[in-house]
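The values are calculated or read from the model by the stated rules, or taken from the named source; none is laboratory data. Predicted model only: the values in this text are computed from it and were never measured. Cβ placement follows ideal geometry from the backbone for every residue including glycine, while neighbour counts extend to all protein chains displayed.
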Amino acid sequence: MGRPVVVENVVGASGVIGVQRVVRAKPDGYTVLFSFNQAITMNPHVVANLPYDPERELEPVSRFAESPFVWMVNSQVPVKTFPELVAHAKAHPGKLAMGVTGFASAAFLGAQLLAHQTGAEVLPVNYAGNFSADLLSNTVQLSMSPAAQVGTLVATGKVRALAQTGARRSPALADVPTVDEMLPGYVIEAWYGVWAPKGTPPAVVGQLTDAWRKVAAMPDVAERMAKLSAAPVGSTAEELRELTRRETRMWGDVVKARNIKPAQ
């Protein structure tokens, strides 16, 4: 775009702090948000007193990339397929401990969606950071982890990858089935999008969308994404808007059905 780009990694509070920075920014196209979908479609249902409204305060630009999560189980658990995991969890409700990084996280909600659709209850165990060592030692038996972590963990022989959560198989995990193949309707994408502050002129949003879509189409970008078990998307602004609305409704239905109360 002929301009320098400064990347600020603003972390904390499940993405709340970073989103707030953009919501409060001048809507001139010079400040944009690059975020994981949790902050946009999940936080509104599970974070108490959320200080922003994604629908009313952000303008969609483009969905940039997507990657699945992967359900993994410690090898000491006597299951080798995802249907076997569901059956085992139903036969032993609350006995399988599942590591999650926060009760507002995608993994926690993934467990709630599984329980809602199948009746399989697991025990979420909250961690402040990475819990891979506990998964390997069988302190916790389950995880729904980002795809980029799978190869290293599976290579130890101490965990099995049972299923990935995307709508289609990731090329990097072609031999791992999707949950949707066995349990239709169970799809959880880890995706990343770009938003501008509400009030950004449509012409400026259009310029930003075009720029991000051009980047997503670059072969070297796809190559680097593949190393992270991710794939570029480069959607239109309207496609991002519709996806966000649809996914927000889905998580709202799950939270209501499971009677989950927002946490601080």
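Below is a table of values for the structure above.
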read-out: Number of positions in the range 163-205 that are surrounded by fewer than 22 Cβ atoms within 10 Å (Cβ to Cβ), over 17 Å from the mean Cα position of the chain (by Cα) and small (G, A, S); value: 4
read-out: In the range 119-154, the residues that are among the acidic types (D, E) and part of a loop (DSSP other than H, G, I, E, B); value: E121
read-out: Test: residue in the range 228-237 that is in contact (Cβ under 8 Å) with a residue 24 or more places away in the chain, among the hydroxyl-bearing types (S, T, Y) and in contact with a Gly (Cβ under 9 Å, 6 or more places away or on another chain); value: yes
read-out: Of residues in the range 105-142 being within 17 Å of F36 (Cβ to Cβ) and more than 13 Å from the chain's Cα centre (by Cα), the one surrounded by the most Cβ atoms within 10 Å (Cβ to Cβ); value: N130
read-out: Pair list, Cβ under 6 Å, 6 or more apart: the range 172-199 residue in contact (Cβ under 8 Å) with a residue 12 or more places away in the chain, other residue exposed (fewer than 15 other Cβ atoms within 10 Å of the Cβ) and among the small types (G, A, S); value: V187/A167
read-out: Output for the range 10-41, where each listed residue is farther than 24 Å from G206 by Cα and either modelled with pLDDT of 95 or more or touching a strand residue (DSSP E or B) at 6+ places or on another chain (Cβ under 9 Å) (or both); value: A13, S14, G15, V16, Q38
read-out: Long-range neighbours under 7 Å by Cβ, at least six apart or interchain, first residue assigned to a loop (DSSP other than H, G, I, E, B) within the range 1-26, second surrounded by 10 or more Cβ atoms within 10 Å (Cβ to Cβ) and among the aliphatic types (A, V, I, L, M); value: M1/A211; V10/I17
read-out: Filter pass, K214 being touching a Pro at 6+ places or on another chain (Cβ under 7 Å) and either under 19 Å from R56 (Cα atoms) or not assigned by TED's automatic domain parsing to the domain that holds G119 (or both); value: no
read-out: Residues of the range 211-241 that turn out to be among the charged types (D, E, K, R) and in contact with a strand residue (DSSP E or B) (Cβ under 9 Å, 6 or more places away or on another chain), as a count; value: 4
read-out: Pair list, Cβ under 7 Å, 6 or more apart: the range 243-264 residue closer than 26 Å to I17 by Cβ, other residue among the hydroxyl-bearing types (S, T, Y) and in a helix (DSSP H, G or I); value: T244/T41; E247/T41; T248/T41; W251/T41
read-out: Residue list for the range 28-86, filter: outside any strand (DSSP E or B), of a type outside the set (A, V, I, L, M) and not assigned by TED's automatic domain parsing to the domain that holds L243; value: S75, Q76, P78, K80, T81, F82, P83, E84
